[in-house]
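The values are calculated or read from the model by the stated rules, or taken from the named source; none is laboratory data. Since the model is a prediction, treat every value here as computed from it, not as a measurement. Using ideal geometry, Cβ is built from the backbone for each residue, glycine included, and neighbour counts are taken over all protein chains shown. These accessible areas exclude ligands, DNA and RNA; they are computed on the full protein's heavy atoms, side chains included. Shrake-Rupley method; radii C 1.70, N 1.55, O 1.52, S 1.80 Å.
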Amino acid sequence: MDPLLIDMVELFRSKHRGGLTLPRLADSLGISRSRFGRGIEELRQLGYVFREMPQGEITLVSSPDRMIDTEIWSGLKTKTFARHLHCYRRIGSTNARAQELAEAGAPEGTVVVAEEQTKGRGRLGRGWHSASGLGIWSSIILRPMLSLRQASGISLLAALAFAESVEHELGLVVGLKWPNDGLIGGMKVFGVLTEVSAEVDRVYYAVCGTGINVAHRRGDFPPSLRDTAGSLAMAKGGPVDRLAFYRTFLHRFETAYRGFRRNGIAPFMPGYRERSILLGREVVVKQGDRTINGIASEVDDSGALVVRVGRRRVTIHAGEATLRM
Ligand code: BTN
C-alpha cells in the first residue's frame with residue numbers, strides 16, 4: 001500500500017467539509033497535481049467516492065466499507081496495534097494466519113483481518129460463523145512477559161475493550177458472560193479466542209482473535225444461531241460504521257493492554273464485574289466432562305469464576321457457563 005493514499009484519505013477527512021481545489025490539496029501534501037490526481041483515481045478504484053464542485057473543490061463523499069489498510073489506518077490512534085497489518089478478502093482463520101506470522105517472528109501488535117473466514121475458530125473446538133462483510137474478524141499478535149495462567153487476562157481485556165467501545169460509540173449496554181462473551185440484549189455479539197504458544201512459566205506469544213458481529217440481520221445467521229446471536233446493527237436498530245468501530249476497538253484494546261502489562265489484570269476486574277451477567281444467578285458450568293451447578297458468587301481478581309455449591313465455594317479457571325432458567 002502506498003502511504004500517500006493514507007495521507008490523502010486523512011487530508012480529505014480533515015478538510016472534507018469545506019473542500020479544497022486540486023492544487024491546494026496537492027500543495028498541502030507537497031506533491032504534484034498529477035500525482036495527486038493519480039492518487040484520487042487509485043482511491044476511486046478502492047471504492048472511495050469524490051465529488052467535484054463547480055469551483056473545483058473536491059470533497060470525499062463516502063468511503064468503502066472494506067477491511068483495507070487505507071480505511072483501518074486513517075484516523076487510527078494506536079501506537080503499535082495494527083501498525084503491521086495483513087488484510088485478506090477471504091481466509092481460513094485469521095488466528096491460524098496470525099500464528100504462522102508469529103512463528104515467523106512478526107512483532108507485537110501485528111494484526112490479521114479478513115472480510116470472510118471459511119474456517120473461523122470458536123472456543124472449545126467450535127466454529128465461528130464469519131460471513132463476508134458483515135463483521136470484524138481479526139487477530140492480533142501479542143508478546144507479553146507473562147505466565148500461561150496470566151495470559152487468560154488477554155481475552156478479558158479484549159471483552160472489556162469491546163464493551164467500552166459499544167457503550168461509548170453506540171450508547172448501548174453490554175453484558176459480559178464469563179469468561180468473555182459480549183452480549184447485547186441477551187444476544188451474543190462478541191467472542192474472543194486467545195491461543196498461546198508457551199511454557200508454563202512464560203508465554204512466547206499469544207494470538208488474540210476477536211469476532212464482532214456488526215451488520216447482520218437475523219436471517220444472516222444460520223438457523224442454529226438465530227435465537228442466541230445478534231449484531232451491533234440489530235441492537236442499534238440501524239447501520240453501524242464497521243471501520244470506525246474497529247478503529248475505536250483497537251485503540252481501547254491497546255490502551256487496556258498497556259495498563260495490563262504494567263499492573264496486571266486486577267485493576268480491570270471492577271469494570272468486568274460491573275458488566276457480568278452471571279453474578280448472583282444460578283449457573284451451570286461445563287468443564288470437559290464435569291458439570292457444576294450453583295450460584296455464581298464472584299469473579300475473582302485473577303478472572304476465575306467462583307461458584308457456591310451448597311456450602312462449598314468452587315473456583316473455576318476455565319469452562320463454559322450458562323444461566324439456569
Ligand atoms: C468464541 O467461541 O466465542 C470465540 C470466537 C472467536 C472468533 C474470532 S473471529 C477472528 C478470529 N479468528 C478465528 O478463527 N477465530 C477468532
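For SER231, the amide hydrogen comes within under 5 Å of no other amide hydrogen, counting only partners 5 or more places away or on other chains and with H modelled in the peptide plane.
In whole percent, how big is the carbon plus sulfur part of the accessible area of the stretch 24-152, probe 1.4 Å, protein atoms only? Percent of accessible area from carbon and sulfur atoms in the stretch 24-152: 50. Evaluated with a Cβ-only charge set (Lys, Arg +1; Asp, Glu -1), the chain carries a dipole of roughly 640 debye about its Cα centre, given to the nearest 20. Straight-line cross-link reach from LYS236 at under 19 Å between alpha-carbon atoms covers these aspartates and glutamates, not counting any fewer than eight positions away in the same chain: ASP65, GLU164, GLU167, GLU169, ASP181, ASP220, ASP227. For the stretch 79-167, the share of DSSP beta bridges that are antiparallel, to the nearest 5, is 45%.
Listed by chain and number, the lysines whose C-alpha is less than 26 Å from the C-alpha of LYS286, apart from same-chain residues fewer than 8 away, are LYS119, LYS177, LYS188. Only DSSP H runs of four or more residues enter the estimate; each adds -39500 (n - 2.57), and after division by the residues of the chain the mean residue ellipticity at 222 nm equals -9500 deg cm²/dmol. Semi-axis lengths, largest first, of the ellipsoid equivalent to the stretch 180-253 are 28, 16, 9 Å, with √(5λ) applied to each eigenvalue of the Cα gyration tensor.
Per residue, the stretch 237-277 exposes 44 Å² of solvent-accessible protein surface, assessed with a 1.4 angstrom probe and all protein chains in place.
Take every Cα pair under 8 Å whose residues are at least 6 apart in sequence, average their separation, divide by the length of the chain, and the relative contact order is 13 percent.
Which of rounded, prolate, oblate describes the stretch 5-81, given a ≥ b ≥ c as roots of the alpha-carbon gyration tensor eigenvalues and a/c under 1.5 marking rounded, otherwise prolate only if a/b is larger than b/c? Prolate is the answer for the stretch 5-81, as a/c is 1.5 or above and a/b outweighs b/c. Using a cutoff of 8 angstrom between alpha carbon atoms and counting only pairs six or more residues apart, the relative contact order for the stretch 212-317 works out to 14 percent.
Using only alpha-carbon positions in the stretch 189-325, the gyration tensor eigenvalues give semi-axes of 28, 23, 15 Å once each is multiplied by 5 and square-rooted (largest first). Computed over the stretch 110-218, the alpha-carbon pair-distance distribution with 5 angstrom bins reads 2, 12, 21, 23, 21, 13, 6, 2, 0, each value a whole percent. Among the trypsin sites (Lys or Arg not before Pro) within the stretch 249-323, those in coil by DSSP and having at most 10 neighbouring Cβ atoms inside 10 Å are ARG311. The relative contact order of the stretch 1-157, computed from alpha carbon pairs under 8 Å that lie at least 6 residues apart in sequence, is 17 percent. For LEU323, put the label point 7 Å out on the Cα→Cβ axis and report which residues of the stretch 296-316 keep their amide N under 19 Å from it. Output list for this probe position: 296-299, 305-308.
Heavy-atom accessible surface of the stretch 1-130, averaged per residue, reaches 53 Å², computed with a 1.4 Å probe. Please report the accessible area of THR255 (heavy atoms, 1.4 Å probe, ligands and nucleic acids excluded) in Å², nearest 10. Its heavy atoms expose roughly 80 Å² to the probe.
Across the chain, the fraction of Cα-Cα pairs farther apart than 28 Å, rounded to a whole number, is 45%.
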